[in-house]
Amino acid sequence: MGRAFVYVIVGGGVAAGYAALEFTKRGVPPGELCIVSEEPIPPYERPALSKGYLLPEAPARLPSFHTCVGANEERLTPKWYNEHGIELVLGTRVKSADVRRKTLLTATGETISYKFLIIATGARALKLEEFGLSGSDAENVCYLRNLADSNRLVNVMQSSVGGNAVVIGGGYIGMECAASLVINKIKVTMVFPEAHCMARLITPKIASYYEDYYKSKGVTFVKGTVLSSFDIDSNGKVVAVNLKDGSRLPADMVVVGIGIRPNTSLFEGQLTLEKGGIKVNGKLQSSNSSIYAVGDVATFPLKLFGESRRLEHVDSARKSARHVVAAIMEPDKTEEFDYLPFFYSRVFTLSWQFYGDNVGEVIHFGDFSGNTFGAYWVNKGHLVGSFLEGGTKEEYETLAKATRLKPAVEDLDELERQGLGFALAV
Ligand code: FAD
Ligand code: NDP
């Protein structure tokens, strides 16, 4: 059994949704595009899963957050794909790829061939077992990557109201889920190995603001140590979490967010990999000229900083997806992808945005005892990164524009004094 398409996207997440919209904007005829996804639903805005989806009241539910509402674009429902003649092969894992024959083999035994393939397989959550631990399949241990995980998390949360949760990991999932758990009236202890939360991105001073805020909401931090084992009862439920430092935390539920691995396995040995992702050029084209990669799975040249990066954030998935469609459909008119890294989060009433790169010297500015503060990163005499909590839309836009220009910074004291004013004057 087999079908052939001009364009095939493997993976049906954020990047696939944005690519589909771009294909239609560029007039792809019906019947030429196919999306194969392991998930049983069309592409949706994954960030909703750790935010609106977990709210106890009026939670976000599909179909409200199908792509591309996150970028204020059209919402692509199953009907939309149908009307545009885009073949959605859902609930179907691609189990192997043959790049020489230009075919994919699905778990249902179908062969799908392509002229152009876009890899948009994203990433999977790292499991505790990969760190030599066990207990991931206990009924009250939750990970969070897809809608099924979210539904499970919601159920476990609902049966833990008034109880204790242990959150393992101080990154994005840990911080966002901890906030949601608090809102669901669950007492949270966060455990992570670093000296402060979000250690890969923010400074100790910024982290301390967020940790204090979380503490004011009743969250306890256990830092500088990791999980050693779970105590599991005869029903298969975790009842306590044992840590390497010898302490024991009673738990009604556990959320684990200890990082991800890009889903590259279909192409290992067939395409060049770099930094854990599929290596692509400025046209997002892999080492095979018929195959492109976008989103979390792609390692692409970041022109602005002169090196390759793999980013794990939604804005890069959306923009790389749009760009790849342009690069495939209008190769001569399409420039190299020139991306400014943009990360953000929203929890409780807090909201921050980050642009650029967090290397070099850090200059903090603003009022750390109030609601609006930020930081600049200055590397080799140029501003390369910026962070702002509590900014307005206009302020964030200003910061993004200024960071992209990498302006020279002559005097760090003056930069600190000017604060946001520096970006406004660029
Ligand atoms: P994904 O959206 O992960 O999609 C990959 C798709 O490929 C999935 O549908 C998967 O099932 C499918 N797939 C994988 N392998 C196969 C296969 N072999 N066959 C068929 N299908 C396959 N980023 C931000 O910037 N801000 C946020 O606030 C934010 N919040 C997030 C909250 C959560 C809970 C999570 C998990 C991520 C969040 N992110 C956020 C990150 C952001 O969602 C990702 O960067 C983005 O989803 C990447 O898009 P993608 O299309 O590359 O991968
Ligand atoms: P992150 O990489 O953000 O954070 C993982 C955290 O877990 C780090 O603090 C890490 O420490 C820690 N860790 C690693 N191993 C262990 C361990 N054995 N025990 C305890 N802690 C450990 O990954 P997440 O899982 O939080 O997020 C998954 C993905 O989802 C990411 O791609 C992220 O970008 C995305 N996401 C993004 C959001 C956003 O942008 N707002 C929101 C939610 C998810 P160390 O640094 O030392 O390894």
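The values are calculated or read from the model by the stated rules, or taken from the named source; none is laboratory data. Predicted, not measured: the structure shown is a model, and the values here were computed from it. Every residue, glycine among them, receives a Cβ derived from its backbone with ideal geometry; neighbour counts consider all protein chains shown. Ligands, DNA and RNA are stripped out before the accessible areas are found, and what is left, the full protein with its side chains, is counted by its heavy atoms. Shrake-Rupley method; radii C 1.70, N 1.55, O 1.52, S 1.80 Å.
Values as computed for the structure displayed
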{"quantity": "The stretch 329-366, subset among the hydroxyl-bearing types (Ser, Thr, Tyr) and part of a strand (DSSP E or B), residue farthest from ligand 2 (Cβ to nearest atom)", "calculated": "TYR355"}
{"quantity": "Residue within the stretch 171-191 that is touching an Asp or Glu at 6+ places or on another chain (Cβ under 7 Å) and surrounded by 19 or more Cβ atoms within 10 Å (Cβ to Cβ) present", "calculated": "no"}
{"quantity": "Given (1) open to solvent by less than 60 Å² (accessible area, probe 1.4 Å); (2) not in a helix (DSSP H, G or I), index of the condition SER369 fails", "calculated": "(1)"}
{"quantity": "Number of the condition not met by THR392 [criteria: (1) among the hydroxyl-bearing types (Ser, Thr, Tyr); (2) touching a residue at least 24 places away in the same chain (Cβ under 8 Å); (3) within 21 Å of PHE368 (Cα to Cα)]", "calculated": "(2)"}
{"quantity": "Pairs where the first residue, in the stretch 252-267, is within 11 Å of ligand 2 (Cβ to nearest atom) and the second is modelled with pLDDT of 95 or more and acidic (Asp, Glu), C-beta under 6 Å, 6+ apart", "calculated": "PRO262/ASP296"}
{"quantity": "Matching residues in the stretch 21-54 - criterion: being of a type in the set (A, V, I, L, M) and either touching a Gly at 6+ places or on another chain (Cβ under 9 Å) or away from ligand 1 (no atom under 14 Å from the Cβ) (or both)", "calculated": "VAL28, LEU33, ILE35, VAL36, ILE41, ALA48"}
{"quantity": "Residue that is nearest to the chain's Cα centre (by Cα) [pool: residues in the stretch 279-298 that are open to solvent by less than 40 Å² (accessible area, probe 1.4 Å) and over 27 Å from ALA125 (Cβ atoms)]", "calculated": "GLY282"}
{"quantity": "Qualifying positions in the stretch 93-109 - of a type outside the set (Gly, Ala, Ser), part of a loop (DSSP other than H, G, I, E, B) and more than 12 Å from ligand 1 (Cβ to nearest atom)", "calculated": "VAL99, ARG100, ARG101, LYS102"}
{"quantity": "Residue count, the stretch 14-43 (criterion: open to solvent by less than 10 Å² (accessible area, probe 1.4 Å), part of a loop (DSSP other than H, G, I, E, B) and farther than 23 Å from ARG101 by Cβ)", "calculated": "2"}
{"quantity": "Enumeration of residues in the stretch 337-347 that are away from ligand 1 (no atom under 14 Å from the Cβ) and surrounded by 14 or more Cβ atoms within 10 Å (Cβ to Cβ)", "calculated": "PHE337"}
{"quantity": "Tabulated pairs, the stretch 209-223, first closer than 15 Å to SER180 by Cα, second small (Gly, Ala, Ser), C-beta under 8 angstrom, 6+ apart or interchain", "calculated": "TYR214/ALA178; TYR214/ALA179; LYS217/ALA179; VAL219/ALA178"}
{"quantity": "Output for the stretch 299-328, where each listed residue is over 17 Å from the mean Cα position of the chain (by Cα), crowded, with 24+ Cβ neighbours inside 10 Å and either modelled with pLDDT under 95 or not in a helix (DSSP H, G or I) (or both)", "calculated": "none"}
{"quantity": "Residue within the stretch 144-161 that is away from ligand 1 (no atom under 16 Å from the Cβ), more than 27 Å from the chain's Cα centre (by Cα) and farther than 30 Å from ASP231 by Cα present", "calculated": "no"}
{"quantity": "Criterion (in contact (Cβ under 8 Å) with a residue 40 or more places away in the chain and either closer than 29 Å to ALA20 by Cα or among the β-branched types (Val, Ile, Thr) (or both)) met by exactly one of ALA107, ALA97", "calculated": "ALA97"}
{"quantity": "Verdict on ASN151 being open to solvent by 70 Å² or more (accessible area, probe 1.4 Å) and without any contact (Cβ under 8 Å) to a residue 40 or more places away in the chain", "calculated": "no"}
{"quantity": "Conditions (1) within 9 Å of ligand 1 (Cβ to nearest atom); (2) farther than 19 Å from SER180 by Cα; (3) open to solvent by less than 30 Å² (accessible area, probe 1.4 Å); number of the one not met by LEU128", "calculated": "(1)"}
{"quantity": "Residue within the stretch 71-92 that is surrounded by fewer than 21 Cβ atoms within 10 Å (Cβ to Cβ), within 16 Å of ligand 2 (Cβ to nearest atom) and outside any loop (DSSP other than H, G, I, E, B) present", "calculated": "yes"}
{"quantity": "Boolean, PHE422 is in contact with a helix residue (DSSP H, G or I) (Cβ under 9 Å, 6 or more places away or on another chain) and part of a loop (DSSP other than H, G, I, E, B)", "calculated": "no"}
{"quantity": "1 or more residues out of contact with any His (no Cβ under 8 Å at 6 or more places or on another chain) and away from ligand 1 (no atom under 16 Å from the Cβ): qualifying strands (runs of 3 or more DSSP E) within the stretch 234-284", "calculated": "238-243, 248-250, 253-256"}
{"quantity": "Unique residue being under 19 Å from GLU129 (Cβ atoms), buried (at least 22 other Cβ atoms within 10 Å of the Cβ) and under 26 Å from the mean Cα position of the chain (by Cα) when the list is VAL226, VAL166", "calculated": "VAL166"}
{"quantity": "Members of the stretch 382-398 that are of a type in the set (Val, Ile, Thr) and open to solvent by less than 30 Å² (accessible area, probe 1.4 Å)", "calculated": "VAL384"}
